[in-house]
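A.B. asks: I am attaching a structure below and will ask some questions about it afterwards.
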Amino acid sequence: MKIESRFAWFGRRIVPIDEARISILSSSVNYGLAVFEGIRAYWLKDRAEALVFRLADHIERLRRNARILFMDLPLADEEVADAVLALLAEEAIRGDAYVRPLLYRADHELGPCAHIGSSELSMFATPLARYANVTDGVRVVVSSWRRTGDASIPPRGKIAGSYVNAALAKSEAILAGADDAILLGSDGTVSEATVSNLFAVRGGRLVTPPVSAGILEGITRDTVIVLARELGLEVVERAMGRSELYVADELFLVGTATEVAPVVEIDRRAVGNGKPGPVACRLADALDEVVHGRSAKHASWCRPVPVANR
Ligand code: PMP
């Protein structure tokens, strides 16, 4: 999937994308010392306006995760939010979009060391309709790679370097003819997919690995838990074994890019009847309502991109 950005937020202002360059001397390039976010903006055709979903929560997660690498967001939360909105306005994408803030190291230190150096923020925005096949569902395999755990490279940190782990698993899955991979943690229990959290449906209840299972504390995971409970579904966060995935009634992946993607096949076994399941579809619809600003209850999760700037 190609990134199509005309502009970037770089050096604390919007610049043409070709001017947003990081030095080969940066420890973010050499050692993966960077923390990032992924944020979605949904295009409302009828209002010719975009809504950014849970912007404040993404910024807060970035600020908190930065601490893991002794990094600091160089701007106040509201300044980061303004930068996201200004960039989206400048890109003027008339469709769904994805924003990628990256907190990186601009100084030039030899040797990997987390606590030395200052941090800078960059961002790009690109059109993104679908990342996963949410309509037909996705086919996954359990990866032979294990998820980096909290004792190696903490997955909760959304640390650039930890995505080598995701990339190896994703390539393994695609080269094996699947769409994505589920990773087990070092203890053999289920963690998450390469860029998504995972839910199973068992006897009408939702089951998902806990935040202690070496996962990113996903904002969509949190949203889905809230929406599921509102729909009267029970949600349990507990350790899951690999074979539980084979016997589940339904499986689905959730994430900002992924949204709610039903899993229709795992390790060459059909999930349920091999079609997207009813619970996943219900939650996908509920999420769709919320991100498009059609739920009064969750209106505070949606922040419009100022139209005047467009
Ligand atoms: N896990 C991983 C490893 C991810 O990269 C992502 C995408 N950010 C997710 C889960 C889903 O998190 P969120 O819903 O916050 O996008």
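A.B. asks: Can you pull out the trypsin sites (Lys or Arg not before Pro) in segment 184-239 that DSSP calls coil and that have at most 11 other Cβ atoms within 10 Å?
C.D. replies: On the way: sites: 202, 205, 221, 229, 238; in loops: 238.
Passing both the DSSP loop test and the Cβ count: 238.
A.B. asks: Also, quick follow-up: What is the ratio of the Cα radius of gyration of segment 91-158 to 2.2 N^0.38 Å, where N is its residue count, to two decimals?
C.D. replies: It is 1.63.
A.B. asks: Quickly work out the residue 17-to-residue 172 label distance, labels modelled 7 Å from Cα along the C-beta direction, and quote it in nm with one decimal.
C.D. replies: Simple spin-label model gives 3.2 nm for this pair.
A.B. asks: Hey, another quick one. Hey, could you pull the Cα Rg and Dmax for segment 169-254, both in Å?
C.D. replies: When restricted to the Cα atoms of segment 169-254, Rg and Dmax are 12.7, 40 Å.
A.B. asks: Using only the Cα atoms, work out Rg/Rh for segment 23-166, with Rh taken as the Kirkwood radius, to two decimals.
C.D. replies: Across segment 23-166, the Cα-based Rg/Rh ratio is 1.01.
A.B. asks: Tally Lys/Arg at +1 and Asp/Glu at -1 over every other residue whose Cβ is under 15 Å from the Cβ of residue 271; what's the total?
C.D. replies: For residues surrounding residue 271, the net value is -2.
A.B. asks: Right, another one. With N residues in the chain, what two-decimal value do you get for its Cα radius of gyration over 2.2 N^0.38 Å?
C.D. replies: 0.99
A.B. asks: Report, ordered by chain and residue number, the lysines lying within cross-link reach of residue 45, taken as a straight Cα distance under 25 Å and ignoring same-chain residues fewer than 8 apart.
C.D. replies: Once the sequence-local lysines are set aside, what remains near residue 45 is 2, 297.
A.B. asks: Here is a follow-up. Tell me which of 143, 92, 53 sits at the most positive position along the dipole axis of the chain, charges placed on C-beta atoms (Lys, Arg +1; Asp, Glu -1).
C.D. replies: 143
A.B. asks: For residue 270 paired with residue 3, estimate the spin-label separation in nm (one decimal), with each label point 7 Å from Cα along the Cα-to-Cβ line.
C.D. replies: Once both label points are built, they end up 4.1 nm from each other.
A.B. asks: Using a 1.4 angstrom probe on heavy atoms only, work out the carbon and sulfur share of the accessible area of segment 1-121 in %.
C.D. replies: Of all accessible area on segment 1-121, carbon and sulfur atoms account for 53 percent.
A.B. asks: What is the magnitude of the charge dipole of segment 120-188 about its Cα centre, with +1 placed on the Cβ of each Lys and Arg, -1 on the Cβ of each Asp and Glu, and no other charges, expressed in debye to the nearest 20?
C.D. replies: Its charge dipole is roughly 40 debye.
A.B. asks: Ok, one more. When N counts the residues of segment 85-216, how does its alpha-carbon radius of gyration compare numerically with 2.2 N^0.38 Å, as a ratio?
C.D. replies: So segment 85-216 has a normalised radius of gyration of 1.25.
A.B. asks: Here's another thing I want to ask about it. What shape does segment 1-64 take by its C-alpha gyration tensor, where a ≥ b ≥ c are the square roots of the eigenvalues and a/c under 1.5 counts as rounded, a/b above b/c as prolate, and the rest as oblate?
C.D. replies: Since a/c reaches 1.5 but b/c is at least a/b, the shape of segment 1-64 is classed as oblate.
A.B. asks: Give me the dipole magnitude in Debye, nearest 20, for the chain about the Cα centre, with unit charges on the beta carbon: positive for Lys and Arg, negative for Asp and Glu. The partial results should precede the final answer.
C.D. replies: On the way: 37 positive and 40 negative charges, 53 e Å.
The calculated dipole for the chain is roughly 260 debye.
A.B. asks: Work out, step by step, the length gained on full extension between residue 247 and residue 115: first 0.36 nm times the residue separation, then minus their alpha carbon distance; give nm to one decimal.
C.D. replies: On the way: separation 132, 0.36 × 132 = 47.52 nm, distance 4.53 nm.
Net length gain for the segment: 43.0 nm.
A.B. asks: Taking only protein heavy atoms and a 1.4 Å probe, what accessible area per residue, in Å², does the chain have with all protein chains in place? Intermediate values should be presented prior to the final figure.
C.D. replies: Working: 13970 Å² over 310 residues.
Using a 1.4 Å probe on heavy atoms only, each residue of the chain averages 45 Å².
A.B. asks: Here's another thing I want to ask about it. Could you tell me the relative contact order of segment 7-162? Use alpha-carbon pairs under 8 Å, at least six residues apart, and round to a whole percent.
C.D. replies: The normalised contact order for segment 7-162 reaches 32 percent.
A.B. asks: Could you tell me the relative contact order of the chain? Use alpha-carbon pairs under 8 Å, at least six residues apart, and round to a whole percent.
C.D. replies: 20
A.B. asks: Keeping every protein chain in place, order 251, 102 by accessible area at 1.4 Å, biggest value first, i.e. largest first.
C.D. replies: Solvent-accessible surface, decreasing: 102, 251.
A.B. asks: Here's another thing I want to ask about it. As an exercise, find the ratio Rg/Rh for segment 198-306 from alpha-carbon atoms, using the Kirkwood inverse-distance average for Rh.
C.D. replies: Result: Rg/Rh = 0.98.
A.B. asks: Another question about this same structure. So what's the gap between the Cα centers of segment 256-310 and segment 9-48, to the nearest angstrom?
C.D. replies: 24
A.B. asks: How large is the charge dipole for segment 25-103, taken about the Cα centre, if only the Cβ atoms of Lys, Arg (+1) and Asp, Glu (-1) carry charge, to the nearest 20 debye?
C.D. replies: Charge dipole of segment 25-103: 320 debye, to the nearest 20.
The values are calculated or read from the model by the stated rules, or taken from the named source; none is laboratory data. Bear in mind that the values here come from a model prediction, so they are computed numbers and not experimental data. Heads up, the Cβs are rebuilt from the backbone with ideal geometry, glycines too, and the neighbour counts pull from every protein chain shown. Only protein heavy atoms, including side chains, enter the accessible area calculation; ligands, DNA and RNA are left aside. Shrake-Rupley method; radii C 1.70, N 1.55, O 1.52, S 1.80 Å.
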